[in-house]
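Accompanying notes for the structure given below.
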Amino acid sequence: MNKLKKIAASALALALLAGCGSSSTSAATSAAASEGSESVAEETTTEETSAEAKTYNVGVAIYQFNDNFMTLYRNEIEAYFKTLETDTVKYNVQIVDGANDMAKQSEQVDAFITQGMDVIILNLVQTSSADAIIDKVVSAGIPLVLINREPLGDNGDESYAGILDNPTVCYVGADARQSGTYQGEIVAELPDHGDINGDGKVSYIMIEGDPENPDAQYRTQFSVKALEDAGITVECLSDQVGNWDQVKGQEICANALTQYGDAIEVVFCNNDAMALGAAAAISAAGRTVGEDIYLLGVDALDECVEMVNNGEMTGTVLNDANGQSHTAVDVAVKLLNGEAIENYYWVDYVKVTKQ
Ligand code: BGC
């Protein structure tokens with residue numbers, strides 16, 4: 001976006017922000033007030049109070065409903081908005097499924113714009129489309145909270161111009177480098193440091209999420225880096241894309257176990273859904289987590305935390321869906337109130353090992 005357009009868009013955004021709540025539900029009938037009788041005056045007072053009630057329209061676009069982690073996340077967005085409602089402020093939250101299709105999601109955002117949403121919360125299908133989407137939402141004067149899939153700046157860091165340059169656009173997420181580092185550290189901290197067969201190196205397979213997602217890139221990179229930083233020699237036997245999906249995670253792990261057998265000491269999965277699949281493949285292959293193989297995920301889904309405590313998984317990392325969804329909603333509310341916001345909001349990951 002050129003500078004002039006940007007300034008105009010920002011001004012428009014602020015003007016619209018100031019006018020947020022134009023979608024008020026109840027209108028007081030001022031005609032009644034002019035009649036002057038006591039009972040009418042009383043009625044008018046009540047109606048004036050309710051005239052202040054506002055309903056904000058919130059559009060939430062999720063990259064795909066069929067995703068364990070994003071399901072927790074979106075349910076919590078909805079639940080948390082409900083807790084913030086008062087007699088005078090309501091949130092009409094509409095959540096749509098992008099079905100992992102960027103063209104479809106782009107149309108959904110167009111529909112949000114046409115419907116005049118007061119704020120949009122967006123979990124992009126493809127971060128490479130961030131600019132196009134940010135431009136159209138900002139031009140429509142609607143504030144935008146990006147979540148979960150971080151568009152990276154030219155240097156591969158969090159200095160994305162479309163976010164930095166727009167006062168009504170921000171990103172809420174967790175630093176995926178941290179989650180990768182925690183996965184690697186969990187292995188490095190094991191008594192055998194992941195080297196089950198004692199051959200002086202940790203032989204692992206990596207099951208990756210959607211490669212366009214920085215969470216997948218960083219987790220892959222930083223899990224291995226943490227091992228190397230701990231002075232451990234590593235050997236990558238296989239690195240494949242499971243697209244965050246449990247069934248794909250199971251297939252990839254089963255094939256790798258057939259191909260590499262006992263040579264596999266560690267299975268790194270970029271998320272818990274794929275780790276659940278890998279766990280099934282591991283037990284089908286007659287291997288035992290914690291004895292002859294280690295298994296790591298990210299997210300800390302309830303069933304995975306249970307598996308960690310049972311020893312069926314070596315560890316996972318809490319990807320705080322509650323913390324992130326609450327932050328996203330809190331920021332959306334700030335935007336609705338016309339308050340200034342930061343460009344980025346970060347929620348910490350937490351290591352999860354057997355308690
Ligand atoms: C989560 C994955 C999820 C992905 C969706 C990641 O942060 O760890 O489980 O599939 O986000 O973008």
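Taken together, the values in this text are just the output of simple stated rules run on the coordinates, not laboratory data. These numbers were taken from a predicted model, which means no experiment stands behind them. Positions of Cβ are backbone-derived with ideal geometry, glycine not excepted, and every protein chain shown enters the neighbour counts.
Give, as a single signed number, the net charge of other residues whose beta carbon lies under 12 Å from the beta carbon of residue 295, with Lys and Arg counted +1 and Asp and Glu -1.
Working: positive: 287; negative: 265, 272, 291, 292, 312.
Net charge in that neighbourhood comes out at -4.
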Cross-link reach from residue 54 to aspartates and glutamates, straight Cα distance under 19 Å and at least 8 residues apart if same chain, gives 78, 85, 87, 118, 330, 339
As I understand it, the dipole of the chain uses +1 on the Cβ of Lys and Arg and -1 on the Cβ of Asp and Glu, about the Cα centre. Which of 329, 53, 169 lies farthest toward its positive end? 169
Determine, for 326, 193, the number of other Cβ atoms within 10 Å of each Cβ, and report the residues in order from fewest to most. 193, 326
What percent does the relative contact order of the chain come to when contacts are Cα pairs within less than 8 Å and at least six residues apart? 17 percent
In angstroms, what radius of gyration and Dmax does region 177-318 have, counting Cα atoms only? 13.0, 36
On a C-alpha basis, how far is the centre of region 52-106 from the centre of region 275-343 in Å? Whole number, if you could? 21 Å
If you restrict to DSSP beta bridges whose two residues both lie in the chain, what percentage is antiparallel, to the nearest 5? 5 percent
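Please report, in debye to the nearest 20, how large the charge dipole of region 177-318 is about its Cα centre when each Lys and Arg carries +1 at its beta carbon and each Asp and Glu carries -1 there.
Values: 6 positive and 25 negative charges, 37 e Å.
Charge dipole, region 177-318, about its Cα centre: 180 debye, nearest 20.
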Got a sec? Charge dipole of the chain, +1 on Cβ for Lys and Arg, -1 for Asp and Glu; which of 146, 304, 224 is way out at the positive end? 146
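From largest to smallest, what semi-axes in whole angstrom does region 68-204 give when each is the square root of 5 times an eigenvalue of its alpha carbon gyration tensor? Please report the intermediate quantities before stating the final value.
Values: eigenvalues 273, 76, 40 Å².
For region 68-204, the ellipsoid semi-axes come out as 37, 19, 14 Å.
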Please list, short to long, the whole-number percent of alpha-carbon pairs of the chain in consecutive 10 angstrom bins beginning at zero. 5, 23, 27, 19, 13, 7, 3, 2, 1, 0
Students often get this wrong, so check it: of 201/354; 225/351; 82/354, which have C-alpha atoms separated by over 28 Å? 82/354
